[in-house]
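J.: Quick one: the structure is below, questions incoming.
What follows draws every value from the coordinates through simple rules; no lab data is involved. Quantities reported herein were computed from a predicted structural model and do not represent experimental measurements. Positions of Cβ are generated from backbone atoms using ideal geometry, with glycine treated the same way; all protein chains shown enter the neighbour counts.
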Amino acid sequence: MSVDGLPEKFDVIVHPAPELRGELRAQPSKNYTTRYLLAAALAVGESRVVGVATSEDAGAMLRCLGDWGAGVELVGGDAVIRGFGASPRAGVTLNPGNAGAVARFLMGVAALTTGTEFVTDYPDSLGKRPQGDLLEALSRLGARVQSRDGMFPVSISGPIRGGVVEVSAERSSQYASALMFLGPLLPDGLELRLTGEIKSHAPLRQTLDTLAAFGVRASASEDLSRISIPGGQAFRAGRVLVPGDYPGSAAILAAAVTRPGEVRLSNLREQDLQGEREAVAVLREMGADIVRDGDVLTVRGGRPLHGVVRDGDGFTDAVQALTGAASLAGGTTTWENVYTLRLKECDRISDTRRELERLGLSVSETQDSLTVTGTPSLAGGVTADGHGDHRMIMLLTILGLSAAAPIRITAAHHIRKSYPLFFRHLEELGARFEYPEATRA
Ligand SMILES: O=C(O)C1=C[C@@H](OP(=O)(O)O)[C@@H](O)[C@H](O)C1
Ligand SMILES: C=C(OP(=O)(O)O)C(=O)O
């Protein structure tokens, strides 16, 4: 039984919510869960990752680390990891499911082994996402690499010594993060040169933060184009606490600002490297009433909102949620510099335009931007395609709560990739859902 108690595969019917009211604790951060679990496995000895996420991506990381030889035990809400240090088991086939960051981080570390295979049971999602930039960097460092045109399935064989290497950061920051986990364990370390226009700076800083939390030395230029990681280091086992998750909470906040009522969301620390923290400022700029008291945000919903023009790259995983608010706001919103959204679980620019148009909204796109003109009176009464993408499902749910008639979202169980309790949390606030059998995989 999954943590949400819902069927294995389901569509969701989202009923209009007259108001949202109540208190929630933000779920554990996706990005810190994946990082802390990996760093714990790269340490020798026992680490405790306190309050890990229960999502599919967290499960994928735990499963792969276990397959590589780490001891993995879930104790209450914590993960106790006995690490394999610099010696993950060779000759293993890993399946990271649909988890992009997990897949990329593990592919970097695979250069420590004399051979690791990567497969996915999500050929239409992770299987279509590009891995070439990372594979090229590993290959230039001397690893033997095979792939299907830079995509899954992939095989990587080391060992390698390290040194100076360029890696493109134009399509994803995850390639550079992957090398940052590998670098300290190589004899010669890594001098990373990030090429192209660097995207997603925030997750790179979260990786640096994680290395520091595990006693690993690394230094970076201010613009992150040069990252220097001395070799021959060890990750130091210890105890780390996973902070609250801003990307998933952005969806709760967007739902709360667009309905009448009052919602308190705790466990969201103010000083945090998650870029999606900016969702709070963006919603305020749109006219939302959100007040912070320490780690608690209080939203008084139902205020009229207006559109904004923003560079979305700094809060990439909150763009879908904020598009939910923008779709219900007066005027037009544009997210600029969001090309990388095309390379996520679905094409979050074109697929979003299609779904919003199906709901009667006026939307346009360029190669690297998305523009939506909002409406305070959404008709609903349609079936929308969740595109197997948790963040698309969050966006459509936000709209369903405000539409005049219910919206059905296909294959809504994919919410579990990052936020298994999303519907349950909204139910606690008064929302109403039905969970009929899924009409697609
Ligand atoms: O490093 C990470 O944990 C992540 C980096 C981001 O990806 P990109 O760097 O591809 O934008 C983000 O979208 C993803 O959900 C998690
Ligand atoms: C894009 C995402 O995840 P990943 O790249 O880790 O699959 C996300 O969480 O929205």
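J.: Take the alpha-carbon centre of region 190-224, take the same for region 321-392, and report the distance between them in whole Å.
T.: 31 Å
J.: Given the Cα-Cα distance of Thr439 and His306 and 0.36 nm per residue of separation, how much length would full extension add, in nm?
T.: Extending this stretch completely gives an extra 44.3 nm.
J.: Taking 0.36 nm per residue of separation and subtracting the Cα-Cα distance, what length does fully extending Ser266 through Glu23 add?
T.: The span from Ser266 to Glu23 would gain 86.7 nm if fully extended.
J.: So, one more: Summing Lys, Arg as +1 and Asp, Glu as -1, what charge do residues with Cβ under 10 Å from the Cβ of Val154 carry, Val154 excluded?
T.: Summing Lys/Arg as +1 and Asp/Glu as -1 gives 0.
J.: Whole-Hz Karplus ³J(HN,Hα) for region 85-102, in order, using 6.51 cos²θ - 1.76 cosθ + 1.60 and θ = phi - 60°, x for Gly and Pro?
T.: For region 85-102, the Karplus curve yields x, 8, 10, x, 4, 8, x, 9, 9, 9, 10, x, x, 10, 8, x, 4, 4 Hz.
J.: Could you work out how much longer the chain between Ala90 and Asp121 gets when fully extended? Use 0.36 nm per residue separation minus the Cα distance between them, nm to one decimal.
T.: Roughly 9.0 nm would be gained on extension.
J.: Can you give me the relative contact order of region 153-255 as a percent, contacts being Cα pairs under 8 Å and 6 or more apart?
T.: Worked out over region 153-255, it gives 27 percent.
J.: Moving on. Which whole-Hz ³J(HN,Hα) couplings does region 385-400 yield from phi under the Karplus relation 6.51 cos²θ - 1.76 cosθ + 1.60, θ = phi - 60°, glycine and proline marked x?
T.: 8, x, 6, x, 10, 3, 6, 5, 5, 4, 4, 5, 5, 4, 5, x
J.: Going by average Cβ neighbours within 10 Å, how do the peptides 104-113, 187-196, 390-399 rank, with the highest at the top?
T.: 390-399, 104-113, 187-196
J.: I would also like to ask the following. In Å, what Rg and Dmax follow from the Cα atoms of region 165-222?
T.: In order Rg, Dmax, the Cα atoms of region 165-222 give 10.8, 30 Å.
J.: FRET efficiency for Glu197 and Leu74, Cβ-Cβ distance as r, R0 = 35 Å, nearest 0.05? Mind showing how you got there, number by number?
T.: Numbers: r = 40 Å, r/R0 = 1.14.
Efficiency for this residue pair is about 0.30.
J.: For region 176-182, take each phi angle, set θ = phi - 60°, evaluate the Karplus expression 6.51 cos²θ - 1.76 cosθ + 1.60, and give the result in whole Hz per residue in order, putting x for glycine and proline.
T.: Rounded to whole hertz, the list is 5, 4, 4, 5, 5, 6, 6.
J.: Let me ask you something else. Order of 262-275, 55-68 by packing, highest average Cβ count within 10 Å first?
T.: 55-68, 262-275
J.: Give me the net charge of Pro436's neighbourhood, meaning all other residues with Cβ under 10 Å from the Cβ of Pro436; Lys, Arg count +1, Asp, Glu -1.
T.: Residues close to Pro436 contribute a combined charge of -2.
J.: Show me the ranking of peptides 361-373, 242-254 by mean Cβ neighbours inside 10 Å, starting with the highest.
T.: The densest-packed peptide leads the list: 242-254, 361-373.
J.: Something else: Using the Cα centre as the reference, give the magnitude of the dipole from point charges on the C-beta atoms of the chain (Lys, Arg: +1; Asp, Glu: -1; all else neutral), rounded to the nearest 20 debye.
T.: That gives a dipole near 540 debye.
J.: I would also like to ask the following. Can you work out D for region 223-301 in µm² s⁻¹ from Stokes-Einstein, where Rh is the Kirkwood radius over C-alpha pairs, the temperature is 20 °C and the viscosity is 1.002 mPa s? Before the final figure, lay out each step's value.
T.: Numbers: Rh = 14.7 Å.
Translational diffusion coefficient: 146 µm²/s.
J.: Further question: Tell me, what is a quarter of the convex hull surface for the C-alpha atoms of region 80-119, in nm² with one decimal?
T.: 3.1 nm²
J.: In debye, nearest 20, what is the charge dipole magnitude of region 33-142 about its Cα centre with +1 on Lys and Arg Cβ and -1 on Asp and Glu Cβ, if you could check?
T.: Magnitude of the dipole: close to 240 debye.
J.: Something else: When averaged across all projection directions, what area in nm² does the alpha-carbon convex hull of region 100-161 cover? Provide the component values of the computation, followed by the final result.
T.: Details: hull surface 14.2 nm².
Computed as one quarter of the Cα hull surface, the answer is 3.6 nm².
J.: Report Rg(Cα)/(2.2 N^0.38 Å) for the chain, keeping two decimals.
T.: Here the Cα radius of gyration is 0.95 times the empirical estimate.
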